[in-house]
Amino acid sequence: MTWDSRAYSPESPRRSAKKMDLPIQRSNGGSSEEAIRAFEKRRRVSLPSDYREFLVAHDGADFVHNTLKLDDPVGGRYELSLRELRGIHESGNELFRSLESAQQCFSDRISNAYLIIGSDWGGNQLLMAVTHPHKVFWWDHEDESVVSIAEGFTDLLCRIVPDPPRKKSP
């Protein structure tokens, strides 16, 4: 699925129009501006425009066969596999699939300074700072450490790389 945005590319220091081919398995179909404004009012936050655009287009999404390429804080690089980005509305039969339910679930473990916008396949959470510049963080569910992984939502999307096609067995 293609995502159009004015994106910051990790490879380039300047902003430029960029099309990203995201490995989205299932989109939740998009949210309304009214639902987004109601969420912002309930949570007393203002979402950044790039994340709002994603919610309007997809209202969250499930990802498959992807690698999220990250810079290691002490130098080097590391990778993880993104499971989902949450939306305004619940999706499917699984618990904690919306922004609201994730906030409620982790309210005793994750500060209100963050929105819980997604998760990886290991149960760790992706957080976005509720204040400008809305950096994105990775929260380890075992030791509850928080590590900065992206300068913002678009930077996060730029770091998602579809895995190469798998070879079929003969």
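Summary table below
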quantity	calculated
Matching residues in region 36-62 - criterion: being over 13 Å from the mean Cα position of the chain (by Cα) and open to solvent by 20 Å² or more (accessible area, probe 1.4 Å)	R37, A38, E40, K41, R42, R43, R44, V45, S46, S49, V56, A57
Selected residue (only one of R6, R83 is at pLDDT below 80, in contact with a Ser or Thr (Cβ under 8 Å, 6 or more places away or on another chain) and not hydroxyl-bearing (S, T, Y))	R6
Selection from region 112-170 of residues that are touching a residue at least 60 places away in the same chain (Cβ under 8 Å), open to solvent by less than 20 Å² (accessible area, probe 1.4 Å), in a strand (DSSP E or B) and among the aromatic types (F, W, Y)	none
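The values are calculated or read from the model by the stated rules, or taken from the named source; none is laboratory data. Note that the coordinates shown come from a computational prediction; the quantities given were computed from them, not determined experimentally. So basically every Cβ, Gly included, is an ideal-geometry build from the backbone, and we count neighbours across all protein chains shown. Calculation scope for accessible area: heavy atoms of the full protein, side chains included, ligands and nucleic acids excluded. Shrake-Rupley method; radii C 1.70, N 1.55, O 1.52, S 1.80 Å.
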